[in-house]
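The values are calculated or read from the model by the stated rules, or taken from the named source; none is laboratory data. Because the structure is predicted, anything quoted here is derived from the model rather than measured. Neighbour counts are summed over all protein chains in view; Cβ atoms, including those assigned to glycine, are modelled from backbone coordinates with ideal geometry.
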């Protein structure tokens, strides 16, 4: 539950930072506004990188269990089976 909360909060912060950058980009009147745009985009990139690293560590340590395609890659219970061709004379 805490992992989901961290991911959701980080996504919300990323969207807020992106919105702030858009606002400062539209109201670009001074160099100060330009610096605010750059700062907002830098914060967004930093948050995205932190989220990516957090998710990578969470999957590696088992806090998050992948499903779908990732489940087959990380599942140790399943062993790959190969189909044996049958010969019919």
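From the list 39, 72, 65, the lone residue that is at pLDDT 90 or above and more than 13 Å from the chain's Cα centre (by Cα) is 39. Among the residues of the stretch 8-33, the ones that are touching a helix residue (DSSP H, G or I) at 6+ places or on another chain (Cβ under 8 Å) and surrounded by fewer than 14 Cβ atoms within 10 Å (Cβ to Cβ) come to 3 in all.
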